[in-house]
Amino acid sequence: MEVSPPENLRAVVEPRRSFARGSYDPIRRIITLYDNDWCRKMFIHELFHAISAFSQIPELRKIAKLERDFVEGLTEFFTGYVQYIKYRECYSAWIKSRYPVCAISYEKDVKLFGATAQVLIPISDFAKIYVYNPNIDWYEQYRGFLDNYDMEDFLINKPKKKRKWPSRTLFENMIVKILREKVGENLVDEFRDLLYEAPHK
């Protein structure tokens with residue numbers, strides 16, 4: 001997959017001004033890590049924000065604010081995936097919340113994407129709607145994602161009766177519906193078991 005980080009992307013370490021351990025400013029293109037209270041996980045998480053369509057496409061920044069937990073959950077899901085592939089010790093500390101500074105964040109949302117990736121949607125398809133590619137129309141890519149899985153829009157133009165629902169709830173309900181209609185109740189049970197099981201501590 002092609003990755004296009006913003007031009008002149010920088011990372012800086014600054015004194016802490018809030019409870020956050022890191023942040024990404026898409027306007028200034030700066031990853032900020034605070035004091036010495038950050039770890040590899042935090043840097044990877046903020047790097048994902050930097051390469052995200054939700055940071056690089058101005059209209060999607062509004063969606064990222066409205067659906068913060070959904071976008072942050074997807075960001076943290078990819079953070080965990082990279083740690084699992086490249087930094088197994090960090091992954092273990094992350095999933096077990098061994099150290100507060102590098103513990104898993106947005107756990108419910110991460111589990112939603114993890115469970116979905118195991119039963120229906122491969123990680124590579126999630127990446128297509130998350131990672132920014134200047135050569136691809138993101139809206140077409142997103143429509144293709146929805147069509148491929150026979151889903152209603154859960155992020156940009158939600159169905160009228162469900163506009164106030166969080167994207168996470170819409171997405172979870174759609175996954176259950178798709179599994180039930182196309183695969184059967186057994187996979188629905190497997191999905192729910194994965195979604196609601198305790199993490200492996």
**Fill in**
In whole Hz, the Karplus estimates of ³J(HN,Hα) for the range 68-75 (6.51, -1.76, 1.60; θ = phi - 60°; x where Gly or Pro) are 3, 4, 5, 5, 5, x, 5, 4
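For D35 and M151, compute 0.36 nm times the residue count separating them, minus their Cα-Cα distance, and round to one decimal in nm.
Details: separation 116, 0.36 × 116 = 41.76 nm, distance 4.30 nm.
Length gained between D35 and M151: 37.5 nm.
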**Request:** Could you work out the local net charge near Y149, counting Lys and Arg as +1, Asp and Glu as -1, over the other residues with Cβ closer than 13 Å to its Cβ?
**Result:** -2
**Request:** Please order S23, S105 by the number of other Cβ within 10 Å, starting at the fewest.
**Result:** S23, S105
**Request:** For each cysteine in the chain, check whether another cysteine's C-beta sits under 4.7 Å from its C-beta; list those where none does.
**Result:** C90
**Asked** From the backbone phi of the range 6-13, what are the Karplus-calculated ³J(HN,Hα) couplings (6.51 cos²θ - 1.76 cosθ + 1.60, θ = phi - 60°) in whole Hz, Gly and Pro given as x?
**Response** x, 4, 6, 4, 10, 10, 9, 10
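For E107, E14, which order do you get if you count the other beta carbons within 10 Å of each Cβ and list the fewest first? Mind showing how you got there, number by number?
Working: E107 14, E14 11.
Sorted ascending by nearby Cβ count, the order is E14, E107.
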**Asked** Can you flag which of K65/K158; K41/K128; K128/K182 are past 18 Å Cα-Cα?
**Response** K41/K128; K128/K182
**Asked** For the chain, what is the mean residue ellipticity at 222 nm derived from helices alone (per DSSP H run of n ≥ 4: -39500 (n - 2.57); sum divided by total residues; nearest 500 deg cm²/dmol)?
**Response** -17000 deg cm²/dmol
**Message:** As a footprinting exposure proxy, order E67, E172 by other Cβ within 10 Å, with the fewest listed first.
**Reply:** E172, E67
**Prompt:** Quick one: if the Förster radius is 30 Å, what FRET efficiency do A20 and K86 give, using the C-beta to C-beta distance and rounding to 0.05?
**Reply:** 0.80
**Message:** Angle check, please: helix 40-51 long axis (alpha carbons) against the longest principal axis of the chain (alpha carbons), in degrees 0 to 90, nearest 10.
**Reply:** 70 degrees
**Request:** For the range 152-165, take each phi angle, set θ = phi - 60°, evaluate the Karplus expression 6.51 cos²θ - 1.76 cosθ + 1.60, and give the result in whole Hz per residue in order, putting x for glycine and proline.
**Result:** 6, 5, 10, 10, 9, 10, 5, x, 3, 6, 10, 4, 8, 6
**Given [x] 17.3, 50; [y] 17.2, 53; [z] 19.3, 69, the label whose value is Rg and Dmax of the Cα atoms in Å derived from this model** = [y]
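For the range 10-196, what is the charge dipole size about the Cα centre, in debye to the nearest 20, if Lys and Arg each add +1 at the Cβ and Asp and Glu each add -1 at the Cβ?
Working: 31 positive and 26 negative charges, 119 e Å.
Dipole size: approximately 580 debye.
Every number in this text was worked out from the coordinates using simple rules, so none of it is lab data. Quantities reported herein were computed from a predicted structural model and do not represent experimental measurements. For neighbour counting, all protein chains shown are included, and Cβ atoms are generated from backbone atoms with ideal geometry for every residue, glycine included.
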